[in-house]
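Computed from the coordinates by the stated procedures, all read-outs in this text should not be read as laboratory data. Being a predicted model, the structure only gives us computed values, none of them experimental. So basically every Cβ, Gly included, is an ideal-geometry build from the backbone, and we count neighbours across all protein chains shown.
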Amino acid sequence: MKAMIIKEFRQLRRDRRTLAMMIVMPVILLVILGYAASFDVSRIPTVLAGPSARQVAALRRPPFEVVGTVPAAQAQSQLRDGHAAVAIVTGGARPVVLIDGSQLFTARAAEQALATMPARLSVRVLYNPELKTSDIMIPGIAGVILVFIGTVITSLGVVRERQSGTLEQLAVMPLRPRDVFLGKITPYFAVAAVDLAVVLAVGVAVFGVPFRGSPAVFALGALLFVFVTLGIGVLISSVSQNQGQAIQLAIMTLLPQVLLSGLIFPLSSIVAGVRWIAYLLPLTYFNEIARGVMLRAEPLTALWQPFLYLALLGAAVMTLAMLRFRSFLAPSAAAPEPDAGPGTGPDTEPVLAGTGEPS
């Protein structure tokens, strides 16, 4: 047992990547969770609609932050397009406060703040009137499933090809690297599309999640998102020597997307020193698209920013993945075998020493 323990310590010391994962990863997760794990909302973007007067002066104090003034007819569109979380419409007998229920934690914080105010207000929650958690989580969970398939499953599949030597066989076939690359990721893309359809169907039929927007806009966002995740999976496989390393790297890319994309914790509650990571994660933008289309029926013109960022991420990731994949398939010239001297050719039988007879 002592010998086995020493052997395992030596093997662990040589595997520096696993050792770093065991020591550094818990510290990174602790720091990220320490700054990100908060449901508190300290800022609620608010627009004033209609002739604002002294009757809404109390609504100008924290956590409400006035970000603009619009005509009364545009109050709901400001919430639909994600420009604000609360709209205060004046001009009637009493102010009407519209709350975007698709921003769950912000909506709950707004209701709590409004309950402490003496002014008589008429409060309406839009897009998620009952503030159901399932309406918010299921669109994001669909994105997590796409990340899992595109990142984890794809990276394991490509690494398995490398370990079995199949990629070397593909290198000598009359196929262009682009054809091999697309051929490898197409099945995973098809599986991701089927899983996405199943998850959405179950969410709508079983949990009653609404789908108010355009299926075409949602499909376009999912298409861009899947391409990004597939590219990340190929990149992970390109730097992994075995499936164990691929799983480790895939988890390192999966966990930040779950924790920092706004799926669990609101982005506004994450400190700025960590929040910038969220804007480098594709799941952040897919969450915006999925919730915007399904809950608020946002058009493509209102979602141009997350679509643009997903397209830029996809172009960068796919370019790097293609370059790395081409390097695997680059034909290498076979080195000539060294001349080992007479009597050692393939047709020569070994001779027993001192006898001159074949062995």
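A compact table of results
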| item | result |
| --- | --- |
| Equivalent ellipsoid dimensions for the chain as semi-axes, Å, which come from the Cα gyration tensor, largest first | 58, 23, 15 |
| Crossing angle, helix 154-164 versus the chain [Cα axis fit, 0-90 degrees, rounded to tens] | 0 |
| Farthest toward positive dipole pole in the chain [+1 Lys/Arg, -1 Asp/Glu at C-beta], among Q305, L235, P215 | Q305 |
| Extension reserve of the A272-L33 stretch, reckoned as 0.36 nm per residue once the Cα distance is removed | 84.7 nm |
| Ranked packing of 13-19, 87-93, most packed first, by mean Cβ within 10 Å | 87-93, 13-19 |
| Net dipole in debye of region 44-126 [+1 Lys, Arg Cβ; -1 Asp, Glu Cβ; about Cα centre; nearest 20] | 280 |
| Proxy reagent accessibility, fewest Cβ within 10 Å first, across K2, K7, K184, K132 | K2, K7, K132, K184 |
| ³J(HN,Hα) computed for each position of region 138-146 - Karplus, 6.51 cos²θ - 1.76 cosθ + 1.60, integer Hz, glycine/proline x | 5, x, x, 5, 4, x, 5, 4, 5 |
| Rg in Å to one decimal, and Dmax rounded to a whole Å, for region 133-329 via C-alpha atoms | 17.3, 54 |
| Cα centre as origin, Lys/Arg/Asp/Glu Cβ charges: the chain dipole, Debye | 1540 |
| Options P45, G292, V199, ranked by Cα towards positive dipole end of the chain, top entry (Cβ charges) | P45 |
| Whole-number percent relative contact order across region 44-126, with pairs defined as alpha carbons under 8 Å at least 6 apart | 31 |
| Expected 222 nm ellipticity per residue - DSSP helices of 4 or more, -39500 (n - 2.57), all of the chain, to 500 | -18500 deg cm²/dmol |
| In sequence order, calculated HN-Hα J values of region 19-25 (Karplus, 6.51, -1.76, 1.60; Hz; x Gly/Pro) | 4, 5, 4, 6, 9, 7, 4 |
| Helix 282-296 vs. the chain, principal-axis angle (Cα, 0 to 90°, nearest 10) | 40 |
| Exposure proxy order (Cβ contacts within 10 Å, fewest to most) of V172, V47, V66 | V172, V66, V47 |
| Fewest-first ranking of V180, V206, V123, using other Cβ atoms within 10 Å as the exposure measure | V206, V123, V180 |
| Using alpha-carbon coordinates, inclination of helix 215-238 to the longest axis of the chain, degrees | 30 |
| Spatially proximal lysines relative to K132 (Cα-Cα < 29 Å; intrachain offsets below 8 disregarded) | none |
| Within region 119-150: backbone nitrogen closer than 20 Å to the I251 label point (7 Å, Cα to C-beta) | 144-150 |
